[in-house]
Amino acid sequence: MMSMFERKIGKQIGILLILTAIWGVIHFMIKGGILNPYYELNLILIGINIILAVSLNLINGFNGQFSIGHAGFMAVGAYGAAMITIKAHLPFAIALLVGALLAAVCGILVGLPTLRLRGDYLAIATLGFGEIIRGLIVNIDYIGGAYGLSGIPKLANWTWIFWLTVLTVLVISNFINSTHGRATISIRENEIAAEAMGINTTKYKVMAFTIGSLFAGLAGGLHAHYFYTIQPNTFNFLKSFDILVMVVLGGQGSITGSIIAAIALTILSASLQKLAALRLVIYALLLIVVMLFRPQGLMGTKEFSFNMFSKKSKDKEGKQHGTAIGQ
Amino acid sequence: MEVFLQQLINGISLGSIYALIALGYTMVYGIVQLINFAHGDVYMVGAYLGFFATAILGWSFLPALLMSMVVCAILGMVIEKLAYTPLRNAPRIAALITAIGVSLFLEYGMMLLVSPQVRTFPQVLTEVQYKLFGSLVITNRQIIILVVTVALMLLLQYIVHKTKIGKAMRAVSHDKQAAQLMGINVNNTISATFAIGSALAAAAGVLVGIYYNAINPLMGIMPGLKAFVAAVLGGIGIIPGAMTGGFLLGIVEAMVSGYGKSLYRDPVAFVILIIILIVKPAGLFGKNVREKV
Amino acid sequence: MALLSVNDLSISFGGLKAVSDFNLQLQKNDLVGLIGPNGAGKTTVFNMLTGVYLPTSGDIQLDGKSLVGLKPYQINHRGVARTFQNIRLFSDLTVIENLKIAYHSHAKYGLLGAVCRLPGFYAGEKEIHEKSMELLKIFKLDHKYDELAKNLPYGEQRRLEIARAMATQPRLLLLDEPAAGMNPQETHELMGLIRWIREEFDLTILLIEHDMSLVMGVCENIYVLDYGQIIAVGTPDEIRNNRRVIEAYLGEEAS
């Protein structure tokens, strides 16, 4: 008879094996030329988008704060990491770390003053911060100014992206499924009650922003080192909206939803590449339609679990499992 | 001193545009508590309609202006009915996201329709420069912008304070349910608000087209955001606030442009926003409201 | 020393003085009621005690240490928990999740443990789960642990709110109209529950209530508030016959 601990370890090893298999298969397909660069590009994009969507979901979906300036944090990470490799000639891992940490610091700086703002006001403030960050980048010639930064070494590849995506999902998922995650979620549910029950809401709101921006910065660093050129315009509010659409469509409060939406929308984007303007119109319509008819997005606040399809969860609408809190 | 006065003149022109757009934001927010992200794009549509009227149909300034205002008023009402009315009782975030969707739809739809290129507005009004006090320049276009803006604002004040629909708008802004109980048709009042706001934005669009001679499908994004900042600065939901905020922001921006780097123009507006939100979120004219526990 | 000592507490909103010179002393294990007509300022007093509002003047002392200026979560950590007049449950979360959140400040593992899934995490989660289930059992809600809070019938939602407040392991419990919306049967059970948890958890309880049967039946001492001021303090019998109290509730005619 296995103990709970042994069952958990077994499950974790199983997942690790599956992930390694996925990584391995694709890795060798790329190396062997079976997957051409176009597919590789899209897989990379999927990874980056998953990191962006899941990190934004932590802030918007789980913590209930409305942030629409996420691209700003991505920009900080991108430029930060690029500076480290280009100017300081330090290894890729350090560059990514520095970029992510810089973005996290920005997250704290943005989070602290905007804490007492609600809903619409918070949204506009985060948008404003995103624009301020972009405006600052445009004005700093040392990092390329309005022309952007090019010549960034192409250090990111499938392996880096895949495992860092896995790490992001793991860290955020572990955070959510813990007492800290519950504290974060309680703020979304009823902030005044959460505060009355002993939750330091300020701390957790800033924490959500910080962790979210940390990973956005990571995504930025990866982006910079794959596409070897970055411009301030790459990280404008249209990019922020892009990420927002993924989070909303997937379901605010569902990590699985964000992953699915990131994959689906990246693929949609790629297939509609030829009809560029049409793609964006479709995006916009999709957003409107979803908000009007299914505002909880694809997954709502539910996560994927193997007993999703079993008889137990086909009970009446009311009986849901909320977020996948370990039982 | 001269730089200051010149930038003041420029700032007032710029501020007029922001004020006109800000009025739409503030009226809509006051009545349905929604940040109508699509509002900046109505301004863009207004500019294109003006372009269409003058370049294609060969109309002169006033008819083009009026047509643009009327069509955009209708556009505003249509957007409201289709996208916002169904979400009137939904969480504010849902309505905000939908507004973003509408905004994107207008931008990219227009791009699809007319191509992303910048179009040149025909020279409806040949530029005439007037020299004041030495080297100060004020153009006839700037005068027209100011005159039209002031005229529209006076008209708005009249509507809001001296007509029945204006009274209804004020009542619904205060307390929707009470207004309904008093027999006011809330839906129509909200539609009227959107219509008026959109008409003002359209006017701004036409004026900008004439002033800058260039329009493009994404031209509404920045002015839209900045006009929103202006509305917040003055006190969101407060009409005199939007007017004041608009002019203030225009002047500040012109000053920054004149004295500093013009690349700082955009971030400056957002820095002002952050400062206001932290120091006095209710804006210059606003009052703080406490949440009931 | 009194557990809770409130001295000359006052608060003004703009020009309106909502509460003036409120004085209250609670000894350990007291069960005291705060009553008064609607709008008298009772919830405002609660909000000041729990740090939601900052009083304009006066002091609140728990065990001799001032609570004024502390944030609500800090006051909770010092041992004060409350329920709300209009239920504030985490409606889209399950019953047990509502409790687990309240156990947060007593969780035995930190951020690192959570993210890296150290053994401390599993032990800590197990403890939180077990403690939550135990508490739910006491409040007869354990069979519904997996239900969404919003799907519970009204009476159970109120019970859940009390259970959740208890999960923060308070010494002082503030109940804001716990019997609101309950039928006589439920109110009677609630009275028993309140007396029982006071015994079992060594609590001190201050409650706001309009239901006189509960107040008279359970409270040992009663403070009466009207227009923000205390107009009477006494035992249920004394209050029942107090002229000023009757007038406040029913108007001048009813004497």
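Of the peptides C:216-224, C:117-125, C:12-20, B:8-16, the ranking by mean beta-carbon count within 10 Å, highest at the top, reads B:8-16, C:216-224, C:117-125, C:12-20. Look at the alpha carbon pairs under 8 Å that are at least 6 residues apart: their mean separation over the length of chain C gives a relative contact order of 26 percent. Charge tally for C:K28 (other residues, Cβ to Cβ under 14 Å; Lys, Arg +1; Asp, Glu -1): -3. The B and A chains share an interface that buries close to 3600 Å² of accessible area, total over both sides, probe 1.4 Å.
With no solvent and one equal point scatterer per Cα, compute the Debye intensity ratio I(q)/I(0) for segment B:21-65 at 0.14, 0.24 Å⁻¹ and report its log10, rounded to two decimals. These q points yield log10 I(q)/I(0) values of -0.44, -0.76. For a label point 7 angstrom out from the Cα of B:L57 toward its Cβ, which stretches of segment B:71-111 have the backbone nitrogen within less than 12 Å? Inside the label zone: B:71-72.
Once the chain from A:R116 to A:L17 is taken as fully extended at 0.36 nm per residue, the excess over their C-alpha distance is 31.2 nm.
Of all DSSP-defined beta bridges confined to the protein assembly as shown, some 65% are antiparallel rather than parallel. Label separation (C:E220 vs A:R7): 4.8 nm, computed from points 7 Å beyond Cα along the C-beta direction.
Using the Cα gyration tensor of the protein assembly as shown, with a ≥ b ≥ c the square roots of its eigenvalues, what is the shape: rounded (a/c below 1.5), prolate (a/b larger than b/c) or oblate (neither)? It is oblate, given that a/c is not under 1.5 and a/b is not larger than b/c.
A 1.4 Å probe run over chain B, with the rest of the protein chains in place, finds 42 Å² accessible per residue. Charged neighbours of C:L89, selected by a Cβ distance under 12 Å, balance to -1 (K, R count +1; D, E count -1).
Residue separation of C:D146 and C:R117 scaled by 0.36 nm, minus their Cα-Cα distance, works out to 8.0 nm of gained length.
If I fit a long axis through the Cα atoms of helix B:265-279 and take the longest principal axis of the Cα atoms of chain B, what angle between them do I get, 0 to 90°, rounded to 10? Between helix and principal axis, roughly 30 degrees. Histogrammed with a bin width of 5 Å, the alpha carbon distances of segment B:170-293 distribute as 2, 9, 14, 18, 18, 16, 10, 6, 4, 2, 1 percent, first bin at zero. Per residue, chain B reaches -23500 deg cm²/dmol at 222 nm when only DSSP H runs of four or more residues are counted, each adding -39500 (n - 2.57).
With a/c under 1.5 counting as rounded, go ahead and sort segment A:141-224 into rounded, prolate or oblate using the C-alpha gyration tensor (a ≥ b ≥ c being the square roots of the eigenvalues; past the cut-off, prolate if a/b is larger than b/c, else oblate). In terms of gyration-tensor shape, oblate. If contacts are Cα pairs under 8 angstrom and at least 6 residues apart, what is the relative contact order of segment A:172-256 in percent? Averaging sequence separation for qualifying contacts and normalising by length gives 18 percent for segment A:172-256. Between A:N36 and A:A270, the FRET efficiency estimated from the beta carbon spacing at R0 = 22 angstrom works out to 0.95. Among the residues of C:68-76, the average count of other protein chain beta-carbon atoms within 10 Å of the residue beta-carbon is 4. The modelled label-to-label distance for the pair A:I140/A:H89, using points 7 Å beyond Cα in the direction of Cβ, is 2.2 nm.
Between chain A and chain C, roughly 3400 Å² of accessible surface gets buried, counting both sides and using a 1.4 Å probe.
Per residue of peptide A:106-119, the mean number of Cβ atoms on other chains within 10 Å of the residue Cβ is 2. Once you reduce segment C:51-100 and segment B:21-54 to the center of their Cα atoms, the two points are 44 Å from each other.
Qualifying trypsin sites (Lys or Arg not before Pro) in segment A:127-204, where qualification requires a DSSP coil assignment and no more than 16 other C-beta atoms within 10 Å, comprise A:K154. Shape class for segment A:178-289, computed from the alpha carbon gyration tensor (a ≥ b ≥ c): prolate, with a/c not under 1.5 and a/b above b/c. Choose one answer from A:I161, A:I185, A:I34: the residue with the largest mean-square fluctuation in a GNM of chain A with alpha-carbon springs under 10 Å. Top of the fluctuation ranking is A:I34. Comparing A:A262, A:A125, A:A88 in a Gaussian network model of chain A where C-alpha atoms under 10 Å apart are linked, the largest mean-square fluctuation is found at A:A88.
Extension gain, A:L109 to A:M29, is 24.5 nm, computed as 0.36 nm per intervening residue step minus the present C-alpha separation.
In this calculation the C-beta distance from C:S12 to C:N241 is compared with R0 = 35 Å, giving a FRET efficiency of 0.60. Mean separation of Cα pairs under 8 Å and 6 or more residues apart, divided by the residue count, gives segment A:74-159 a relative contact order of 27 percent. Highest-first packing order for the peptide set A:238-251, C:161-174 is A:238-251, C:161-174, based on the mean count of other beta carbon atoms within 10 Å. Put a dot 7 Å past the Cα of B:V147, heading toward its Cβ, do the same for A:I282, and the two dots end up 5.0 nm apart.
Give the percent of DSSP beta bridges with both residues in chain C that are antiparallel, rounded to the nearest 5. Counting DSSP beta bridges with both partners in chain C, the antiparallel share is about 55 percent. First measure r as the distance between the Cβ atoms of C:K28 and C:Y249, then evaluate 1/(1 + (r/R0)^6) with R0 = 51 Å and state the FRET efficiency to the nearest 0.05. E between C:K28 and C:Y249, to the nearest 0.05, is 0.95.
The values are calculated or read from the model by the stated rules, or taken from the named source; none is laboratory data. All figures in this text were calculated on a predicted structure; none of them were measured in a lab. Cβ atoms come from the backbone with ideal geometry, glycine included; neighbour counts cover every protein chain shown. All accessible areas refer to the heavy atoms of the entire protein, side chains included, with ligands and DNA or RNA removed. Shrake-Rupley method; radii C 1.70, N 1.55, O 1.52, S 1.80 Å.
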